[in-house]
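The values are calculated or read from the model by the stated rules, or taken from the named source; none is laboratory data. Here the structure is a predicted model, which is why all the values come from computation and not from measurement. With ideal geometry, Cβ positions are generated from the backbone for all residues, glycine too; neighbour counts draw on all protein chains shown.
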Amino acid sequence: MGFLAFPLAVLLVFTLIPTALGVGLSLFQWTGGGSPRYIGSMNFSALLDDDRVGAALRNSLIYVLATVPLTTIAAFLVASAVHARWFRGRAAVRTLLFLPTIVSIVAIGFVWRWLLNDRAGLVSPLLRALGVAAPPRWLEEGPWPMVCIILVSIWRQIGFCVVIYLSALAALGASVDEAAELDGATGLRRLRHVTFPRVSRTTVFLLATGAIGALQVFDIVYVMTAGEPTRASTVLNYEVYRNFSMGSLGFASAIGVLLLALTAMAGALQFARRRGAAS
Amino acid sequence: MNAHRGPALPARLIVHALVWGLALTMLVPFLWMVLTSLKTDAEATAPLSAASLLPSRPVFENYPRAFEEAGLARVYRNSLIVATVTTLLAVSHNALAGYAFAKLRFRGRRLLLACVVATMLLPIQCYFLFAYVFAGRLGLVDNLQAMIVPFLASGFGILFMRQAIQGIPEDLFDAGRLDGMRELDLFWTIARPAAWPAIAALAIISFVNAWNAFFWPLIVTDSPEHRTLPLAIAELSAGVYVQSWPVQMAAATLMVLPLIGVFFLCQRAFVRGLTSTGLKE
């Protein structure tokens, strides 16, 4: 029991009790000084009326729905190709794809911000050389800031998912090939109807953990756009941070509760699927 | 039978081109970062052309300037201390807790385990606020300890070690108990060597996480002398201390390259460690 005292104390003091108090604080108004004032569900009704939170909720959901399925499906296709017997350079490709996983998202956002710079970057000049007369100002105009954040996120995460799929494919061994041979299935049909169903547990794992992670997106937004221009690329966690910085702690907690609910839904997805598979 | 038949040659070539193309894009930002760090300010901000892609003559002065202007020596020291101390202490505590959950019988074990699992599922934005309040009460604000202590135990680390230690045969421990060994001896002489691959994996995960941690350090640090690398990069990105792009890129190179170097040296361990979350099918 002595082994557990300190680790459990850390979890209790820095995670569990703070979560409970945070959920409670969503019913109060508090700036950090003095005592919190009980205001019932007013933070939540304010949440519904707040334009920034509305934009953040929309962007967060778009981010989850755009990054997670695309990353997972692309990773499955890439892993299937790399896993094939005829593929050359498997180890090198795996290493390269995995590289961004170890680099901090802050550094990645920072470098990409520069690659996307209109004048001195790499992307826009390349496009101009290819004949695109006026490439957009990627991080400043229209839907492009969110599009860039989403693409950079997919780019960063795909390698991790590929490596997970590769180990799942390796675990399947030769049985899949034999089954496919019997079915006479080849190429993409075989991938879709034979291989894909057999790695479904990996797929569900990647979708659920991916969705939970994507709901919490913060670092890349902070570095690439800071939610700008005019809240076009803000996300829920960025609004939590912004309201925290402004001293609207009760309101920040209410957004946190919203995130908690969304996270629970994403987690339930995995459990529901697991139960379905077990029975 | 055509057991070894794959797609036709043109299809194979297209697949190779696509996959290799994607893989090579992983290097582009980092190559670009290094190239820019070797340019002069004028070269770096000039409109890009085939001629200006490479620096006309590599300039190395950006590196000492980056070290000085971004205060990198201090930042490096902070990141190294935080990541190393966190890794050593977190792995020890998580391994001991994992051992307790795997091999010891005590009242309330299931309930406590459920609490540990719960912490894994909670998003940090739901608890950082009161974690910050408590950290303040404990004197853990705006110092290096503030970035270490809250990470000395994690739900993931405990469950990960529990899973690794559970697989060790019970007989080994029973034999040790008959010899009169205490629990700490049992952990050290039996569990630790047997679970060594998991311990190494957890150490890599802990180090990379601590090295790259951003949100919590952003909340708990105020003064520049306690910044870690990600905070310094974010400030660079916002142009707080350094305006020159090549100097910014030199600083970013200095921050990112050591970890990339270690990754290429022992990439098998990294890949295995960081993906061990998903390997258990």
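Residue under question is B:Pro224, and the condition is that it be out of contact with any strand residue (DSSP E or B) (no Cβ under 7 Å at 6 or more places or on another chain) and crowded, with 23+ Cβ neighbours inside 10 Å; does it hold? For B:Pro224, the condition - out of contact with any strand residue (DSSP E or B) (no Cβ under 7 Å at 6 or more places or on another chain) and crowded, with 23+ Cβ neighbours inside 10 Å - is not met.
When the residues of the range A:203-236 are narrowed to those that are of a type in the set (S, T, N, Q) and closer than 17 Å to A:Arg156 by Cβ, which ends up surrounded by the fewest Cβ atoms within 10 Å (Cβ to Cβ)? The selected residue is A:Thr209. Taking (1) closer than 27 Å to B:Phe214 by Cβ; (2) more than 7 Å from chain B (Cβ to nearest Cβ); (3) buried (at least 20 other Cβ atoms within 10 Å of the Cβ) in turn, A:Val111 satisfies each apart from (2).
Listed by position, the helices (runs of 4 or more DSSP H) enclosed by the range A:1-54 that each have at least 3 residues that are under 17 Å from B:Val149 (Cβ atoms) are A:2-11. Of the candidates B:Ala42, B:Ala83, B:Ala73, B:Ala17, the single residue that is within 21 Å of B:Ala251 (Cβ to Cβ) and over 27 Å from the mean Cα position of the chain (by Cα) is B:Ala42.
Results for (1) of a type in the set (D, E, K, R); (2) at pLDDT 95 or above; (3) part of a helix (DSSP H, G or I); (4) within 16 Å of the chain's Cα centre (by Cα), shown as yes or no for each residue.
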| site | (1), (2), (3), (4) |
| --- | --- |
| A:Tyr238 | no, no, yes, yes |
| A:Arg242 | yes, no, yes, no |
| A:Gly250 | no, no, yes, no |
| A:Thr263 | no, no, yes, yes |
| A:Leu269 | no, no, yes, yes |
| A:Arg274 | yes, no, yes, no |
| A:Ala277 | no, no, yes, no |
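Where helices (runs of 4 or more DSSP H) sit wholly within the range B:95-205, those with at least 1 residues that are more than 11 Å from every other protein chain (Cβ to nearest Cβ), under 24 Å from B:Leu274 (Cβ atoms) and not charged (D, E, K, R) occupy B:155-166. Would you call B:Thr45 over 29 Å from A:Gly159 (Cβ atoms), more than 8 Å from chain A (Cβ to nearest Cβ) and among the hydroxyl-bearing types (Ser, Thr, Tyr)? Here the answer is no, as B:Thr45 does not meet what is asked. Among all residues of the range A:80-103, there is none that is farther than 23 Å from B:Val19 by Cβ and facing chain B (nearest Cβ under 10 Å). Contact annotation: residue pairs with Cβ atoms under 7 Å, 6 or more positions apart or on different chains, pairing a residue in the range B:64-78 that is assigned by TED's automatic domain parsing to the domain that holds B:Asn212 with a partner that is of a type in the set (D, E, K, R) and surrounded by fewer than 18 Cβ atoms within 10 Å (Cβ to Cβ), are B:Arg74/B:Glu225. Picking from residues in the range B:229-250 that are in contact with a helix residue (DSSP H, G or I) (Cβ under 7 Å, 6 or more places away or on another chain) and more than 10 Å from chain A (Cβ to nearest Cβ), the one that is surrounded by the fewest Cβ atoms within 10 Å (Cβ to Cβ) is B:Tyr241. Per the conditions (1) assigned to a loop (DSSP other than H, G, I, E, B); (2) within 10 Å of chain A (Cβ to nearest Cβ), the sole criterion not satisfied by B:Met33 is (1). Here A:Gly250 qualifies as within 24 Å of B:Leu218 (Cβ to Cβ) and buried (at least 21 other Cβ atoms within 10 Å of the Cβ).
Could you check, for the range A:173-186, whether at least one of its residues is within 11 Å of chain B (Cβ to nearest Cβ), at pLDDT below 90 and within 28 Å of the chain's Cα centre (by Cα)? Looking through the range A:173-186, none of the residues is within 11 Å of chain B (Cβ to nearest Cβ), at pLDDT below 90 and within 28 Å of the chain's Cα centre (by Cα).
For the range A:101-110, the tally of residues that are free of Cβ contacts under 8 Å to residues at least 60 places away in the same chain and in a loop (DSSP other than H, G, I, E, B) stands at 1.
Go through the range B:251-271 and count every residue that is within 26 Å of B:Leu159 (Cβ to Cβ), more than 9 Å from chain A (Cβ to nearest Cβ) and touching a residue at least 12 places away in the same chain (Cβ under 8 Å). The total comes to 1. Among the residues of the range A:82-100, some residue qualifies, meaning at least one is within 29 Å of A:Leu259 (Cβ to Cβ) and in a helix (DSSP H, G or I).
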